[in-house]
Structure formats: structure tokens, C-alpha cells
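Contents: one structure, followed by commentary.
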Amino acid sequence: MEGQCSFVLWSLTAGHLPLALSVLQILALDIGTDLLPALALGAEPASPRVMIEPMRSGPLVDLGLLRRALLVLGPTEAVVEMLAFVGVLTLGGWSYGQTAPAHVLAPASGAAFAAVVLGQLANAFACRSASRPVGRPSLRGNRLLLLAVAVELVFLAVILGWPAAASLLGGSVPPPVGWVVALAAVPAVVLVDRAHKALRPGARRRDGVAPA
């Protein structure tokens, strides 16, 4: 969704807002950073409460899952992505409607790319449970996910820091302010996920708290 957001905004502004992510960057996100965390989540150990919780029925992809992905977590990552992108562009001297020079556009695109990767990192931990927030269960409960996240961070460093990869994909290492905004994707996703799970119907009962 984050990649589509940049294309939607570029289209709606008739190109007055540059593309935050290139096609190759989006492919790198889909293939290079999404794959391993998804596989690790597939090996998530069963919850100790699985035998006392109501049995799940119905399709795996339901309205609740789509709502969480498309209206909660996805938009949160997209907002931070665009804030990082536009912030770096603006600090580089760009104004709305202008053509951004390459030396300004590349670090801005790198900041947007970093924001998406870091948001996906937080999202991976948020998706370990449909009802419990990040940290419950323990972050060490899925070592494969920890390994996948470590590989994801190395991949981010290579994509932005290796000149050949950065030139091919169209990004570069963002300035400090770009990193600060990009890093904000982690607490943003965690907090939004926590709030969404707390407000879901039956959240108190799932956490073992009797309804008032």
C-alpha cells in the first residue's frame, strides 16, 4: 500500500509532487524485505491460550483483516513515508510544483524507502497476534522473525549505502532528519496497532479481563 500511495499522490497532483518510490524500489520492498518476515510469521509458535480461546471459523482473509491492513497499519506507514519524503525534499530547497534535482530527490526517496522498511519491521511484530500488542507475546518467542528482521536491516543498509544499488533503484542515504522521521514509523505502527487491538470488540475478554 505504501508504494501505491506515492503513485496515487503523484497522479492526483498531476506530477507536481515527485514520486517517492520508483518501481524498482517497490519491487525491492515486495521481494527483498517482505518475503523473509512473512515466512517467519508462518512459523510462529502457537499461543499457549489456543486451547482456551474460541475456535476461529470462516475465511483467513476477512473484513477484519482487510480493515486492519488497509485502514489502520497501511495508512500509518504511508503517512510516515510521505512525511519523510516531503520533509527531506523541502529541507533540500524543493517547492511544490518544481522539478526536484537528483541530489535532492535521491535522499528524499531514500528516506521514504527507509520509512517503509522500518514500518514493515514493526508491522511484522504487530502481526504475530491478532489480539495482543507488540511485546505480548515475548519478542524472543519467534527467533526466525528476529533473524528475518536482522536481514531486513542489512538489506536496507545495502540498498541505500551501496552506490551501485542506490543508483539503480534511485535512492541514497537520507540526511539525519530523514532518518529521524523514518524511525518514527516504528513507534507509530506499534502504537496504532495497540490502539486498534484495544478498541476491537471483545478485547478485554481476550486479555483475560472481565467486561465491566
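The values are calculated or read from the model by the stated rules, or taken from the named source; none is laboratory data. As the structure is a prediction and not an experimental result, all values here were calculated from the model. Glycine also receives a Cβ, built like all others from the backbone with ideal geometry; neighbour counts cover every protein chain displayed. Remember, those area values only see protein heavy atoms, side chains included, never the ligands or the DNA or RNA. Shrake-Rupley method; radii C 1.70, N 1.55, O 1.52, S 1.80 Å.
Quick notes on this structure:
- Residue list for region 137-156, filter: surrounded by 13 or more Cβ atoms within 10 Å (Cβ to Cβ) and out of contact with any helix residue (DSSP H, G or I) (no Cβ under 8 Å at 6 or more places or on another chain): P137, G141
- Residues of region 80-126 that are in a helix (DSSP H, G or I), open to solvent by 20 Å² or more (accessible area, probe 1.4 Å) and free of Cβ contacts under 8 Å to residues at least 40 places away in the same chain: T90, A102, H103.
- Region 28-39 residues that are in contact (Cβ under 8 Å) with a residue 40 or more places away in the chain and among the β-branched types (V, I, T), paired with ones that are assigned to a helix (DSSP H, G or I) and open to solvent by less than 90 Å² (accessible area, probe 1.4 Å) (beta carbon under 7 Å, 6 or more apart): T33/V117; T33/Q120; T33/E152; T33/F155
- Residues (surrounded by 12 or more Cβ atoms within 10 Å (Cβ to Cβ) and at pLDDT 85 or above) located in region 1-19: V8, L9, W10, T13, H16, L17, P18, L19
- Region 26-48, subset in a loop (DSSP other than H, G, I, E, B) and exposed (fewer than 14 other Cβ atoms within 10 Å of the Cβ), residue modelled with the lowest pLDDT: P48
- Qualifying residue in region 144-159 (condition: over 20 Å from the mean Cα position of the chain (by Cα), part of a helix (DSSP H, G or I) and in contact (Cβ under 8 Å) with a residue 12 or more places away in the chain): no
- Contact annotation: residue pairs with Cβ atoms under 8 Å, 6 or more positions apart or on different chains, pairing a residue in region 5-25 that is under 15 Å from S109 (Cα atoms) and in a helix (DSSP H, G or I) with a partner that is charged (D, E, K, R) and open to solvent by less than 60 Å² (accessible area, probe 1.4 Å), are C5/E81; S6/E81.
- Taken over region 5-40, the criterion of being farther than 22 Å from A114 by Cβ and within 18 Å of the chain's Cα centre (by Cα) is satisfied by L39 alone.
- Any hit, region 167-178, residues being in a helix (DSSP H, G or I), at pLDDT 90 or above, within 18 Å of the chain's Cα centre (by Cα) and closer than 21 Å to W10 by Cβ: yes
- Total residues in region 179-191 satisfying the condition of being surrounded by fewer than 18 Cβ atoms within 10 Å (Cβ to Cβ) and assigned to a helix (DSSP H, G or I): the figure is 4.
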